[in-house]
Each structure stands twice: as C-alpha cells, then as structure tokens.
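Taking it in order: structure first as structure tokens, then the write-up.
The values are calculated or read from the model by the stated rules, or taken from the named source; none is laboratory data. Worth saying up front: this structure is predicted, and the values here are computed from it rather than measured. Virtual Cβ from ideal backbone geometry, glycine too; neighbours counted across all protein chains shown. Heads up: the accessible areas ignore ligands, DNA and RNA and are worked out on the full protein's heavy atoms, side chains in. Shrake-Rupley method; radii C 1.70, N 1.55, O 1.52, S 1.80 Å.
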Amino acid sequence: MEFNQGQHTTIIVSFAGINSAFLIILFILIITSSFAQNPNEDFQSVDKSTYLLYTQKNWDSLIQIGNQALKSGVDYFYLRERIGIAYYENGNYLKAIKHFEQALNFNESDGTTQEYLYYSYIYSNRKNEAGVLSTKFNASLEEKLNTQKNNVFEKVYLETGPTFSNNIKQNQIQRPRFNNNTSLGQDLNDDKYYVHAGFEVNISKRISAYLGYSFLTISKLKQILFPGIFPPGNQNLGPFYNDEYKLFQNEFYGNLKFYLGSGFSLSLAYHFINVNYSTIYPDVQPDYVLFDHVIYLNTSFNNHVVSLSINKRVSLFDFGITTSWSNLNYKNQYQVGGIFTWFPNGNLNLYTTSSLVSACAWEEKKNRLVFDQLIGGKVAKKLWIEGYVTLGEMVNYNEKNAFVVHNSGDKIKFRTGLNFIVLLSEKIELSVRYIYLQEEGYRSVDSIEDSQNTTTINYQNNTIIGGLKWTF
C-alpha cells in the first residue's frame with residue numbers, strides 16, 4: 001500500500017563523511033535526554049524528530065521517541081499517526097490500532113489514517129470494526145478498498161471426522177461372573193462420526209449471524225443381565241442380553257453477534273438438539289419386572305442450550321464473560337465463566353487463551369470448575385498450530401458460545417489436543433484438529449446381598465476433525 005503523509009516541514013541532514021547509524025543513535029539519545037530534562041518539550045522539536053525518523057523508516061526509534069513524547073504531554077494528530085504507522089510496519093497491529101484511533105480523534109476524516117486503521121482491524125481479525133469504520137470513508141477511499149457494498153455472505157464452513165473409542169473393547173462383559181441374585185446393566189458409548197455445515201451472513205456492518213446444521217451418530221452397546229430364575233437356590237445366571245445399536249443426533253445452531261462499539265461485542269447463541277435411538281429395556285409391568293424378557297423401545301427427545309457472551313478488546317488483550325443454560329439429558333445446568341486472550345506481539349503470530357468456567361448442575365446441587373489453556377502461533381508462512389489442555393469434569397457441558405456440546409452422559413475427565421490451520425489461499429482455510437479424551441462411564445450392579453451399586457468405568461477417545469472455511 002502507498003500512503004501520502006501530507007504536509008510537513010522537511011529537514012535535510014547531511015551525513016557526509018560520518019557514519020549515519022552513529023548519528024541516528026546520537027540523535028535519539030539527545031532527544032530522549034531533552035525529554036527527561038524538560039517534560040514539556042515543545043511541539044516543533046517533537047514534530048521534527050519524529051518526522052525525520054518516519055522518512056528514514058526507523059520504526060523502532062520512532063516508537064521509542066514518540067512514546068516518550070506522549071509521556072511528556074505532547075500529543076497531536078501527526079504524532080499519533082506516525083507512531084501508529086511505525087507499529088503497523090513492525091507488524092504490531094493491535095498497538096497500531098490504539099494510535100490510529102487516537103489520531104482520528106484529532107482528524108476523523110483523514111483518509112490515510114482511516115486506511116491504515118482499516119487494515120489493522122482486518123489483520124487482527126476484527127472485521128466488524130473494519131466494517132463500521134468503512135461507513136466513514138469518502139467515495140475515493142470506498143472505491144479504492146472496495147467497501148461500497150456490504151457482502152451478505154461472509155463465509156461457508158464445513159467440518160467432519162470420526163472418533164475412535166476403546167470403550168466397548170475395554171469394558172464390555174463377555175461372560176458375566178456374578179451370583180444368581182445379581183442383575184447388571186450398562187450402556188456403552190463407542191465410535192462416533194460427526195459432520196457439520198454452516199454459513200455466516202452480514203445483516204449489517206455491526207451485526208452478523210451464523211447458522212449451522214450438525215449430524216452425529218454414536219455406536220453403542222447395551223448389556224442387561226437378569227437375576228437367576230426362581231426357585232431360590234438355582235445356581236444358574238439369568239438371561240444375558242447384548243444390543244449393539246446406533247444413536248442419531250440432529251442439531252441446529254444459530255449465533256447472532258453484535259459489535260457495540262469501543263471494543264465491545266455481544267453474542268447470543270442457541271443450540272437445538274434432537275436425540276433418537278432404539279434399544280432394549282427390561283419388560284416392566286405395573287407390579288413386577290419380567291426377569292427373563294426385554295422389549296425394544298424407540299426413544300426421541302429434544303434438548304436446548306442458550307448462551308450469552310460479552311467481549312471487550314483492550315490493546316493486546318481480549319476479555320470475555322460467558323454464561324449459558326442447558327437441559328441436556330433433561331438435567332438443568334447453568335454455566336458462567338471468564339475468558340482471557342493475550343496477543344503478546346500485537347498480531348496473530350502468537351496468542352494464548354485461558355478460560356475458567358463454573359458449571360452448576362441444578363438437580364445434583366453440584367458445581368464443577370473447568371479450566372482450559374490454549375497457546376497458538378504462526379510456525380510457517382501459511383501454517384498455524386494450536387495446542388491446548390482442559391482440566392475438570394465436563395458432563396452435559398457446552399463451550400465456544402454453545403457451538404460445542406458434550407451430552408453423551410459420560411464425564412470427560414481430561415482433554416488435550418492440537419489444531420493445524422493452513423491458509424490454502426486468501427479465501428480458503430483448511431484445518432485439522434486432533435482431540436484426546438479420557439472419559440468415565442458407569443455400570444449398575446444390583447444384588448440382594450449388596451443392594452444397588454454403581455461402579456465407574458474408564459476409557460479413551462481419539463477424535464480427528466477436518467474443516468474447510470471459504471470466505472467470500
């Protein structure tokens with residue numbers, strides 16, 4: 001991009017016969033020293049020194065002297081613009097944003113500053129703010145940046161992949177070894193397959209919406225052991241039933257995002273889930289259970305998740321508060337948490353996100369804390385890698401503004417994973433995600449001697465998800 005600086009006083013410095021680098025260093029020391037001696041350094045001295053460094057593209061020195069001038073109480077349009085350009089050229093877009101915004105407070109119609117700020121927003125993945133800024137462009141800048149029209153379709157997103165589980169292999173009962181007064185029941189979740197398709201639209205410069213559909217199928221094994229058939233004293237075990245079946249889950253997701261201004265954004269999300277399956281159950285009569293008989297029943301039910309989040313961006317940081325309600329598996333759960341993201345270099349080349357969520361299971365009167373830590377960064381020209389770890393029990397839990405829902409009924413005790421993100425082109429992004437889960441299920445054993453006893457069973461899941469995002 002080419003930008004016109006505008007009208008400035010030209011300074012001609014002769015470096016004849018003297019090392020230019022030495023003079024620049026000496027110049028910086030003199031200016032810095034003068035600031036220390038006189039906090040109210042006059043406008044002319046600051047303007048000359050920062051403009052000289054600007055023309056020499058000495059960005060680091062310009063940032064140093066410019067910030068020193070601000071601390072001394074010198075603050076005006078061109079100083080903010082030059083500091084912003086220096087940060088921009090160094091790739092620190094988030095700090096550049098701060099100074100460009102301040103520059104526009106002095107001169108809100110300056111096209112050069114608007115253009116720099118627009119791209120700083122874009123390169124920081126703050127498209128809503130860039131869109132709002134573009135409404136202030138004059139006709140020439142609108143045409144140059146092609147922002148005259150508000151594109152309705154923002155992006156299309158597809159993702160799909162399998163989960164490989166060792167639950168059935170590790171925990172199924174091959175031959176029951178209990179006494180004849182014992183009954184047993186367990187329902188094991190195993191391999192899964194998932195697919196999602198969605199799209200994002202721009203309702204206005206400040207409002208966008210994401211709509212998506214997901215389908216999930218889970219392979220399951222249900223095992224039922226009945227007590228021994230009467231008369232008492234019979235040493236034979238009762239009938240033992242195995243049913244391998246599929247659970248099907250259809251989901252619809254919607255998210256409305258509002259940019260409120262001054263770095264604030266608000267997101268409202270709703271996730272609808274329909275669960276459907278058919279499997280065996282003991283044949284329960286009004287006054288007794290048939291101890292040698294099962295029946296097949298079709299089960300279908302709907303669950304809902306509602307989420308609200310508010311985010312505030314400040315310099316290199318992004319702060320968020322999120323809350324949600326869900327009735328997954330007909331268990332009311334309320335969640336509230338905080339999320340904090342830090343971009344140490346002021347761009348997307350390195351970032352870390354920490355979140356802490358309190359999940360309150362209403363019927364159980366139990367509160368669970370879930371902590372998640374992610375670190376990511378750019379490792380090659382078009383490749384980003386993210387790694388994360390999650391600690392705490394996740395059961396009937398939702399995250400990512402209710403986009404991700406864990407409703408299998410089993411507890412996720414530990415999670416870790418890697419995300420690989422590749423830019424195939426300016427508009428197409430490929431992602432591959434690996435997720436490792438340690439989960440805990442349960443087995444119910446009922447006997448006359450020991451009454452009912454629920455024991456836990458442990459297993460591991462490995463998930464691979466491939467995603468494709470196409471931005472218009």
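Can you pull out the residues in the stretch 426-462 that are open to solvent by less than 70 Å² (accessible area, probe 1.4 Å), hydroxyl-bearing (Ser, Thr, Tyr), at pLDDT 95 or above and over 19 Å from Lys220 (Cβ atoms)?
Answer for the stretch 426-462, where residues must be open to solvent by less than 70 Å² (accessible area, probe 1.4 Å), hydroxyl-bearing (Ser, Thr, Tyr), at pLDDT 95 or above and over 19 Å from Lys220 (Cβ atoms): Ser431, Tyr436.
Exactly one condition in (1) surrounded by 16 or more Cβ atoms within 10 Å (Cβ to Cβ); (2) of a type in the set (Phe, Trp, Tyr); (3) over 20 Å from Tyr281 (Cβ atoms); (4) at pLDDT below 90 is not met by Phe230; state its number.
So Phe230 meets the others, but not (1).
Could you list, in sequence order, the residues of the stretch 146-168 that are part of a loop (DSSP other than H, G, I, E, B) and either buried (at least 18 other Cβ atoms within 10 Å of the Cβ) or modelled with pLDDT under 95 (or both)?
First, pick out the residues of the stretch 146-168 that are part of a loop (DSSP other than H, G, I, E, B): 146-152, 166.
Within the stretch 146-168, Asn146, Thr147, Gln148, Lys149, Asn150, Asn151, Val152 qualify.
Do we have Glu439 as touching a residue at least 40 places away in the same chain (Cβ under 8 Å) and assigned to a strand (DSSP E or B) here?
On the way: touching a residue at least 40 places away in the same chain (Cβ under 8 Å): yes; assigned to a strand (DSSP E or B): yes.
In short, yes.
Just to be sure before I move on: is Thr113 hydroxyl-bearing (Ser, Thr, Tyr), within 30 Å of Asp318 (Cα to Cα) and exposed (fewer than 15 other Cβ atoms within 10 Å of the Cβ) in the structure I sent?
So Thr113 does not fit the description; no.
List the strands (runs of 3 or more DSSP E) inside the stretch 276-387, counting only whole elements, that have at least 2 residues being aliphatic (A, V, I, L, M) and exposed (fewer than 13 other Cβ atoms within 10 Å of the Cβ).
289-314, 366-380
Taking Leu104, is it at pLDDT 95 or above and open to solvent by less than 20 Å² (accessible area, probe 1.4 Å)? Let's see the steps before the verdict.
Values: at pLDDT 95 or above: yes; open to solvent by less than 20 Å² (accessible area, probe 1.4 Å): no.
It is false that Leu104 is at pLDDT 95 or above and open to solvent by less than 20 Å² (accessible area, probe 1.4 Å).
Which helices (runs of 4 or more DSSP H) does the stretch 89-145 wholly contain that include 2 or more residues that are within 27 Å of the chain's Cα centre (by Cα) and in contact (Cβ under 8 Å) with a residue 60 or more places away in the chain?
Hits in the stretch 89-145: 93-106, 111-123, 127-134.
Please verify whether the stretch 56-76 includes one or more residues that are in contact (Cβ under 8 Å) with a residue 40 or more places away in the chain and assigned to a helix (DSSP H, G or I). Before you say what the answer is, go through the steps one by one.
Of all residues in the stretch 56-76, those in contact (Cβ under 8 Å) with a residue 40 or more places away in the chain come to none.
No.
Which members of the stretch 388-418 meet the condition of being of a type in the set (Asp, Glu) and either open to solvent by less than 40 Å² (accessible area, probe 1.4 Å) or not in a strand (DSSP E or B) (or both)?
Glu399, Asp410
List pairs: first residue in the stretch 336-364 and on the phi > 0 side of the Ramachandran plot, second residue open to solvent by 40 Å² or more (accessible area, probe 1.4 Å) anywhere in the structure, Cβ distance under 8 angstrom, at least six positions apart or on different chains.
These pairs meet every condition: Gly346/Tyr93; Gly346/Lys95.
Condition check: touching a residue at least 40 places away in the same chain (Cβ under 8 Å), of a type in the set (Phe, Trp, Tyr), loosely packed, with under 15 Cβ neighbours inside 10 Å and under 28 Å from Asn125 (Cα atoms). Does Phe472 satisfy that?
Yes, satisfied.
Looking at (1) open to solvent by less than 40 Å² (accessible area, probe 1.4 Å); (2) part of a helix (DSSP H, G or I); (3) aliphatic (A, V, I, L, M), which is the one condition that is false for Ile173?
(2)
Identify all residues within the stretch 302-357 that are among the small types (Gly, Ala, Ser) and within 17 Å of the chain's Cα centre (by Cα); write none if there are none. Please lay out each step first, then the result.
Here is the first cut: in the stretch 302-357, the residues among the small types (Gly, Ala, Ser) are 307, 309, 315, 320, 324, 326, 337-338, 346, 354-355.
Selection gives Ser307, Ser309, Gly320, Ser324, Gly337, Gly338, Ser354, Ser355.
If you check Lys205 against the conditions, is it buried (at least 19 other Cβ atoms within 10 Å of the Cβ) and either at pLDDT 90 or above or within 23 Å of the chain's Cα centre (by Cα) (or both)?
On the way: buried (at least 19 other Cβ atoms within 10 Å of the Cβ): no; either at pLDDT 90 or above or within 23 Å of the chain's Cα centre (by Cα) (or both): yes.
So Lys205 fails the test.
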